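Q: Right, I'll just put the structure down here and ask away after.
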Amino acid sequence: MDRITFILIAGLVWIVTIILVIVVLTLINNKEKKKLKLEIEKLEKEKNMVISASMLSELNKVEALVNNDEMREKLDDWKKRFNDIKDKEMPKITETINEIEELFEEKNFKELKGLVLKADFDLNTLKTKASFLLNEIKDVTLSEERNRETITKLKAEYREVLSTYKEFEDDYEIVKVPLELQFENVDKLFTAFESAMESNAYTEVGKIVKAIADVISNLKVIIDEARPIVMLGKNLIPKKEEDIKNIADKMTRDGFNLEYLNIDYNINEANKKIQDIFQRLNVLNVEDSLFELKTMHDYFDSLYSDFDKERYSKKIYEDYSRSILLKATKLEKVNNELFKKIGDIKYSYDLSDDEVAVIAEIKQDIMGIRASYDKVVDTARSKILAYTKLAREMEIINSKLIKTEEKLNGALKTLGSLKEDELRAREQLDEIKKILSQTKERIRSYKLPCVPKNYYVELAEAMEAINVLVRELDKRPISIKILNLRVDTARDLVLKVYNTVNETVKTAKMAETAIVYGNRYRVVNKEVDFGLAKAENAFVKGNFKNSLENAINAINIVEPGIHKKLLEESQN
């Protein structure tokens, strides 16, 4: 590509870029203009909708309804506010919109946007004022239709209230007079409503409708709650009080103490409260009355559970009374027997004062338990406490008794184990002597040419340990710790002799078998003959292990692996 061509292409690209930028800017500008134009049109449209035909129509309706000074004042005020919107506020908005249109034509978009925002804010404020004004006017023009609809609903509710009253009139006997006065008031209010509507006294109508709604709402509450109030206050609660009083009197005669329930006081307080509720009911005040009566009813219901708890607690108390007495007497007897023997036990087994102090502690514990038990029983006989508390006290005593029983069982186990250790030591002494006797018999039964010296040394040690154990068993007092140590020492030394004898006999037997087995090769091999001669010499001197090694090594010359074969033969 030559230089001229390159310059032409670059120029063309630059021109195209400039054209594209201009086109894009033009499009953006047109879009912005279009958007602003739409906003101006929207402002114009909304301005024309501020004062609608309906507002003028509603004002004309009010004009026809005016029949008193109050309504005349309201109408004058609404007209003044309407004229302010139409003659003062609207021209200002119109002037602003005209200015916006001029700026649009001049393409002064910067100032135009600020005016658009101002016009939009002012227009919204004006629309709100107009809307409030229209709603106030409609409150009067639509009041007849709205109030008629409300009154129709209230009459339906009133008929329902009357129907319930007539159906259960006997149940409302206690509030018949104040209720019927309220019914008369409602009838008078309905008449007053009709009069106000006929005279177009719309400012009074709203007050009358509200008064009717309040009275009927209160009547509904009275009609709904009066019957259950009467039923609870006149029938259910008094019957429950009588039943509870009878049960409480019978249980008191049977020995139960129910003073903690304060039954008489609570019944009196409940009756005072019921009387107050009925006094308030006479003036048609039922606030919280039903809740209070239900709370009373629930309280009296809960007393049945308290009675059952008392009966159950009495059974628990009586069961504990028997079981604690029997168990405490038994523990006391066992502990006393143990306490009498503790001197002999302490002397026989070299026990310290601290080691036997638990017996005295247990005795004190049992005495404390007996004292607590007697106190609770005396309290029960005097009938000054409820069985729920007495049963709880017995449970505490029983818990202490169980802990004391566990402590006594532990002491018995500990002291009993001392005697068991002594008996076990004597049994083990007999077993040790038996093993030693078997050991001696075994070494005598296999006629060894020479008994190894270590046998006599270990035998002497074992016999000395047995003699020490015998002396320890004859001692008074016996130290169980030292006794157990002597038993372990004697047993270990006797077993050591036993194992030595077994190993010696076994090795001697294998050596002898090897020599006899190898004699067949003496004639054919001098080395075998020499090795077996050495084995025989060691055997005679009592060196059985060396004898076995020489015999095996000699035979292994002519018969490799002989050691395994001899071992199998020996085992068989």
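The values are calculated or read from the model by the stated rules, or taken from the named source; none is laboratory data. Keep in mind that what you see is a predicted model, and the values were worked out from it rather than measured. No Cβ is skipped: glycine too gets one built from the backbone with ideal geometry, and neighbour counts run over all protein chains shown.
Q: Against the condition exposed (fewer than 14 other Cβ atoms within 10 Å of the Cβ) and over 52 Å from the mean Cα position of the chain (by Cα), how does K176 come out, does it pass?
A: Here the answer is yes, as K176 does meet what is asked.
Q: Can K453 be described as more than 30 Å from Q364 (Cβ to Cβ), assigned by TED's automatic domain parsing to the domain that holds V470 and at pLDDT 75 or above?
A: yes
Q: Ok, one more. What residue, of T152, T191, is among the hydroxyl-bearing types (S, T, Y), within 20 Å of K220 (Cα to Cα), modelled with pLDDT of 80 or more and out of contact with any Asp or Glu (no Cβ under 8 Å at 6 or more places or on another chain)?
A: T152
Q: Can I ask one more? Could you grab the pairs with beta carbons closer than 8 Å, sequence gap of 6+ or different chains, first residue in region 162-182 and assigned by TED's automatic domain parsing to the domain that holds N235, second one loosely packed, with under 11 Cβ neighbours inside 10 Å and of a type in the set (K, R)?
A: As it stands, the answer is none, since no pair meets every condition given.
Let's see how each residue does on (1) farther than 20 Å from V377 by Cβ; (2) out of contact with any helix residue (DSSP H, G or I) (no Cβ under 8 Å at 6 or more places or on another chain); (3) outside any helix (DSSP H, G or I):
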site: N257; (1), (2), (3): no, no, yes
site: Q279; (1), (2), (3): yes, yes, no
site: N285; (1), (2), (3): yes, yes, yes
site: K294; (1), (2), (3): yes, no, no
site: E318; (1), (2), (3): no, yes, no
site: S321; (1), (2), (3): no, no, no
site: K327; (1), (2), (3): no, no, no
site: E332; (1), (2), (3): no, no, no
